[in-house]
Amino acid sequence: MTVTVLGVRHHGPGSARAVRAALTALAPDLILIEGPPEAGPLMRYVDALVPPVAVLAHAPDRPGRAAFWPFADFSPEWQAARFAAQAGRPVRFIDLPAAVVLADDSGTGDAPAPDSISGDPLAWLSRAAGHDDPERWWEDVVEHRLGGDPLELFAAIAEAMTELRVAAQADGWTASDRELRREAAMRQGIRAASREGCDQIAVICGAWHVPALASLPPARADADLLRGQPRVKVSATWVPWTAERLTYASGYGAGVSSPGWYAHLWRTSDHIAERWVARVAALLREKDLAASPASAVETVRLAEAVAAIRGRSLPGLSELTDAVLAVLCQGDQVPLALINGQLVIGDELGVVPQDVPTVPLQADFEATCRRLRFRPAAAYREVELDLRRDTDRDRSRLLHRLRLLGIYWGEVTSAQSSGTFREGWLLRWRPEYVVALIERARYGTTIGSAAAAVVTERAGQAAEFSQITALVEAGVRADLPDALPAVTAALEQRSARTGDIAHLMAAMPPLARVLRYGSVRQTDTDLVRGVLDSILVRICAGLPAASLSLDEQAAAAMLAALEAADAAIALVGSAEQAAAWRAAQRGVADLAGAPPVVQGRCVRLLLDAGLLTPDEAQQRLARALSSGTEAVAWLEGFLRGSGTLLLRDDPLWNLLDDWLSGLSEAAFDAALPLLRRSFSQFSGPERRQMGVKVRAGLAVGRSGPADQGGTGQDDDWDESRVRRVLDVVAIALGGSVADE
Amino acid sequence: MTTAPPANVLRPHAEQEYAAELAALAASDDRPRPPAWKLSPWAVVSYVLGGTLTDGTVIAPKYVGVRRLVEVAVATLATDRALLLLGAPGTAKTWLSEHLAAAISGDSTLLVQGTAGTSEEAVRYGWNYARLIAEGPTPGALVPSPVMTAMRDGKVVRAEELTRMPAEVQDALITVLSEKTLPVPELGIEVQAVPGFTLVATANDRDRGVNEMSSALKRRFNTVVLPLPATEDAEVEIVTRRVAELGRALQLPAEPPALAEIRRVVQVFRELRSGVTQDGRTTLKTPTGTLSTAGAISVLTNGMTLAAHFGDGQVNAADVAAGLVGAVVRNPTQDGVAWNEYLEAVVRERSEWRDLYRACRDLDVTIE
């Protein structure tokens, strides 16, 4: 029986190539790979997978506990697994079980610290060889190797690593407890395999571990070390991965910074630099940037010259990047960033076939995607959904539900406003969403039930009233009628407890929108109706009291909330509710001590609703404006945002006009600056039109005289005196007076 | 031809000043040299970036910056492509090109200075009109340009401030760079470049009054963008080294300024350049000038001159203040505001900078 240990660099294309060659030469009966044994049963799917993919091990009982072992096409472990699948040889993973790794509370426990020697043994080795960049050194020595006897290479690696470990020990390094257990587990795996009478065993592991696995001491010590480790229940599956995710550290230690380049090294065996530059040039041309073949030639020449200066036999990625920047990009960093994203890293997304075991939630997600013909993709994509169509409505529902589950596949770009059936989305799938799906599996077995459970849970936990109202809207958009009872109950509960009427009023618009437009999505809205009713009762009862003792800022917030609530009630309120609402407004209008801006607004809303006669309103206007300092705020509330309305609404116009012309000279002088300030909020054209209107004649469509303390009859005007007044008023309104 | 010792010149050429280093490098350099190169590319990189040779000779760093940029520049020249050094003013473009020419050809004097008035004769060839009239068009009447000389002798020619030349003059280089030949139709001959010929151009992309290069010409260059110093420490190192060297060359009796003074000037430059104070707390107006490292160097050498001739020989705040104000305030109205804001909001607040604040304020009578 022979055991051959092949020490590799994880995700090293040269290692992968060497492993393949070595396995072909050895023709082993059994292949052992560094990795969690739980991955073993998953190996039967290897042929159907498209890398990059990752083995995901997660603890169903401990949500959020998960670990990944990613594989790219150029990973030596992947190539070993592929070789085994093609040659029909069994393959086994011999590292510590994921059940133990995930039970370890000191973190999911992946890579050791990168500055330690075991974390990056090659850095030490390359430093010993006089190179400052370990990646490049390894690339030169191993990854760029295209031929030679692979077994010799692995023997050399084993020798170097043995030396290195001895040197490291002399340097004061000791293996961590975890590392000792991992190596013990791997040795036990090898022992178990050799007991089975295999003739030729190949072991693929990180180069650093080779010395520890090369000889097998008595098993007792290892068995002792591994006894009594805490374990958790674990299930493992394949998940798709992306090239970008390969750059992160996870599973097999540190990530690779340039997966696209490694993939290139793996796929090309000759003219590596030339083919790379050709791909760069093609990419630049695709983006309408100049990239002539002549420039490509010069790029390769420069890369080779730089490599020569740096003492490398072949240009590597850094030489090629330098050359591409100097020649093809003409020193410009912007296209270089494009090349880095698309080629050096790449945007590949792995594929996992449907028959791979999944958690029910994930299965439901995939089934839903298939039914809706909606495919996750790593690239950004914009879609527009027409909510009148069943499929699109279901898609929108799916996206909204996923967002509730913390899977932000889609981002709403054009919000569904009142009266439109279109909804724009920006889609981008990230592989970690698969993980999120698996983690959320505890909430339910279908996307709908899980999302409803999430909403229910959040409604119970929400501290802020506004959070719950947001949940209501989210729940309706995601069409989760099951969650609505819990949310509305929470809403009702909170509304009873909250003393903040402004908050309650702010909650009205989303509820009203749900009621009014919910039917677009065919949502059952009775529950919302109930909540809205009960909230409105509270608002009406509390509004006057809540309007007392507000500073300027709070008054502004109250004003905004008041207007929002008013619009909401106008949208969905019954006549009875509207009456109650008006009564509350009248209460505020009558209340001494309420902020004048709110009062002015209330009077105006009441006037518009016909609950105050123009005379009453005018009286209030006069009274408010007599108070001096508060008058401006009152008038502002009264006239707010209604410049055009003032021009068109003759009763309102006349009301102001009558009040103004009824002022005594002294009172008029006092009111003039306030008026000017209030009118200054209207736009220039509006003010000009007002001036024109004043000049064109006083009473517009007036049925009878309403002057108080005026001169009397309509037909009893002294034209010249009126003209003088009008001129002043025109100036006050910001218009100009033409001499006639 | 240019190896004569610098006898009382204001500024010796690089190949004269560093003749000893070049000789030591050539002696120890056993790597292959491209045709007509005095040194191997590897030795050229060492000459530029500095280091210690096996025989103990210390090579002073000429360019302080990223190694890969220099490697790419040298590799470009080794592949007989033309090199374009691009960057903001004061990023040592000319400095680097001079040293590259000195190290590769042992001659940094073949130079075409780009100005708005540079004519095609400066790039191609001119005529000695007296002889032209007397003899007619003969080789003897031809006045070769530095480019033509470099082509004939296989040397590096430098084109400084390429983008300041009129565009049509720039384009005269296209044939030279692509065909490596310069025809002289009047004589019915052509000058073909021999190995070793190449061109280093410098250009800046920031200044006003530049003539964009045509893309046909730009394609014939490999471009290396020289950045401003990335960190304060790197910039302080550059300034310290150059100030000491310049002080020596100018035979100033003043001591080189203390590191603290250098650091302070560099900090002022960096803060105003980036528009934010070092602690990231205060946003500043950025003056219109470029505030290059070279500018900081000249502020300090200027301060040394002042200290030597009018002060106590020690560079202090008063000595650098005048140069500092002059370097920052290029445009009195806009930059004046920026500078005053900086003085009041930043310099004044730093207790250990009080001397600088007072010195700057003393200069500025209009504000008091």
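No value in this document is a laboratory result; all are computed from the given coordinates. These figures come from a predicted structure and were not determined experimentally. Every residue, glycine as well, gets a Cβ built from its backbone with ideal geometry; the counts of neighbours run over all protein chains shown.
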Response to the item:
Placing each pseudo-label 7 Å from Cα in the direction of the beta carbon, residue B:36 and residue B:351 end up separated by a distance in nanometres of 6.5
Worksheet item: On a 0 to 90 degree scale, rounded to 10, what angle separates helix A:501-517 from the longest Cα axis of chain A?
Response: 80
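Tell me, in nm to one decimal, what length is gained between residue A:570 and residue A:229 on full extension, where the rule is 0.36 nm per residue of separation less the Cα-Cα distance? Can you show the working numbers first?
Working: separation 341, 0.36 × 341 = 122.76 nm, distance 6.65 nm.
Additional length available on full extension: 116.1 nm.
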Worksheet item: What shape does the range A:270-345 have by the C-alpha gyration tensor, where a ≥ b ≥ c are the square roots of the eigenvalues, rounded means a/c under 1.5, and otherwise prolate means a/b greater than b/c and oblate the rest?
Response: prolate
Fill in: Number of partner chain Cβ atoms within 10 Å, mean per residue of A:302-314
5
Worksheet item: Taking chain B as a Gaussian network, where each spring joins two C-alpha atoms under 10 Å apart, which residue of B:76, B:138, B:286 fluctuates the most?
Response: B:138
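When a footprinting reagent is the concern and you count Cβ atoms within 10 Å, what order do B:279, A:392 take, fewest first?
B:279, A:392
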Worksheet, complete the sentence: Rounded to a whole number, the mean other protein chain Cβ count within 10 angstrom for residues of B:218-225 is 6
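Can you give the local net charge around residue A:327? Use residues other than it whose beta-carbon is closer than 13 angstrom to its beta-carbon, Lys and Arg +1, Asp and Glu -1. Intermediate results must be reported in sequence, preceding the final value.
Details: positive: A:301, B:81, B:218, B:219, B:220; negative: A:298, A:304, A:319, A:322, A:332.
So the environment of residue A:327 carries a net charge of 0.
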Discussion item. Can you say what percent of the DSSP beta bridges in the range B:14-225, counting only those with both residues inside, are antiparallel? Round to 5.
Written reply: 35
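Report the antiparallel proportion of the DSSP beta bridges in the protein assembly as shown as a percent, rounded to a multiple of 5. Walk me through the numbers on the way to the answer.
Numbers: 34 of 64 bridges.
Around 55 percent of the beta bridges assigned by DSSP in the protein assembly as shown are antiparallel ones.
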Worksheet item: Could you state the number of Å between the C-alpha centres of the range B:209-245 and the range A:1-52?
Response: 49
Worksheet item: What share of the DSSP beta bridges in chain B is antiparallel, in percent to the nearest 5?
Response: 40
Worksheet item: For chain B, modelled as a GNM with alpha-carbon contacts under 10 angstrom, which of B:323, B:140, B:65 fluctuates the most?
Response: B:140
Practice prompt. Given the options B:211, B:128, B:302, state which has the largest fluctuation in a GNM of chain B using a 10 Å cut-off (strictly under) for Cα springs.
Written response: B:128
Worksheet, complete the sentence: From fewest to most C-beta neighbours within 10 Å, the residues B:349, A:319 line up as B:349, A:319
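Using 0.36 nm times the number of residues separating residue A:195 and residue A:61, minus their current alpha carbon distance, what extension gain do you get?
Details: separation 134, 0.36 × 134 = 48.24 nm, distance 3.51 nm.
Full extension from residue A:195 to residue A:61 adds 44.7 nm.
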Worksheet entry | Note, ³J(HN,Hα) from phi for the range B:58-70, Karplus 6.51, -1.76, 1.60, rounded to Hz, x at Gly and Pro | 8, 9, 6, x, 9, 10, 9, x, 6, 4, 4, 5, 5
Fill in: Nearest-0.05 FRET efficiency for residue A:692 and residue A:720, computed from C-beta distance (R0 25 Å)
0.80
Item to complete: For chain B, calculate the relative contact order in percent as a whole number, restricting contacts to Cα pairs under 8 Å that are 6 or more residues apart.
Response: 14
Worksheet entry | Gain upon complete extension [residue A:289, residue A:414; 0.36 nm per residue less C-alpha separation] | 41.8 nm
Worksheet item: Which residues does a label at residue B:60 reach in the range B:30-53, if reach means a backbone N under 17 Å from a point 7 Å past the Cα toward the Cβ?
Response: B:46-53
Worksheet item: How large is ³J(HN,Hα) for each residue in the range A:589-597, as worked out from phi by the Karplus curve 6.51 cos²θ - 1.76 cosθ + 1.60 (θ = phi - 60°), to whole Hz, x for Gly and Pro?
Response: 4, 8, 7, 6, x, 6, x, x, 5
Fill in: Dipole-positive endmost among B:300, B:288, B:252 within the range B:232-363 (Cβ charges, Cα centre)
B:288
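Give me the percent relative contact order of chain A, please, defined on Cα pairs under 8 angstrom at least 6 residues apart. Don't skip to the end; give the middle numbers.
Values: 1101 pairs, mean separation 73.7, N = 740.
About 10 percent, as a whole number.
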Worksheet item: Taking θ as phi - 60°, what are the ³J(HN,Hα) couplings along the range A:165-180 by the Karplus curve (6.51, -1.76, 1.60), each to the nearest whole Hz, with x for Gly and Pro?
Response: 5, 4, 4, 5, 5, 4, 7, x, 7, 10, 5, 6, 4, 5, 5, 4
Worksheet, complete the sentence: Longest principal axis of chain A (C-alpha) makes with the long axis of helix A:665-679 (C-alpha) an angle, in degrees to the nearest 10, of 20
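Assuming R0 = 35 Å, can you tell me the calculated FRET efficiency for the pair residue A:549 and residue A:666, based on Cβ-Cβ distance, to the nearest 0.05?
Working: r = 33 Å, r/R0 = 0.94.
Once the sixth-power term is evaluated, E becomes 0.60.
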Worksheet, complete the sentence: Between the modelled labels at residue B:331 and residue A:422 (7 Å from Cα along Cα→Cβ) the distance in nm is 4.5
Discussion item. If the reach is capped at under 17 angstrom between alpha carbons, list the lysines near residue B:180, excluding any in the same chain fewer than eight residues apart.
Written reply: B:155, B:218
Worksheet item: Taking the Cβ-Cβ separation of residue A:152 and residue A:355 as r and a Förster radius of 35 Å, what is the calculated FRET efficiency to the nearest 0.05?
Response: 0.25
Response to the item:
By the mean-Cβ-within-10 Å protection proxy, highest first, A:683-694, A:298-309, A:338-349, A:545-556 rank as A:298-309, A:338-349, A:683-694, A:545-556
Response to the item:
With -39,500 (n - 2.57) per DSSP H segment of 4 or more residues and division by the full residue count of the protein assembly as shown, the 222 nm estimate, nearest 500 deg cm²/dmol, is -16000 deg cm²/dmol
Worksheet item: On a 0 to 90 degree scale, rounded to 10, what angle separates helix B:332-342 from the longest Cα axis of chain B?
Response: 50
Discussion item. Once you place label points 7 Å from the Cα toward the Cβ at residue B:248 and residue A:363, how far apart are they in nm?
Written reply: 8.0
Practice prompt. Could you list B:342, A:380 in order of exposure, starting from the residue whose Cβ has the fewest other Cβ atoms within 10 Å?
Written response: A:380, B:342
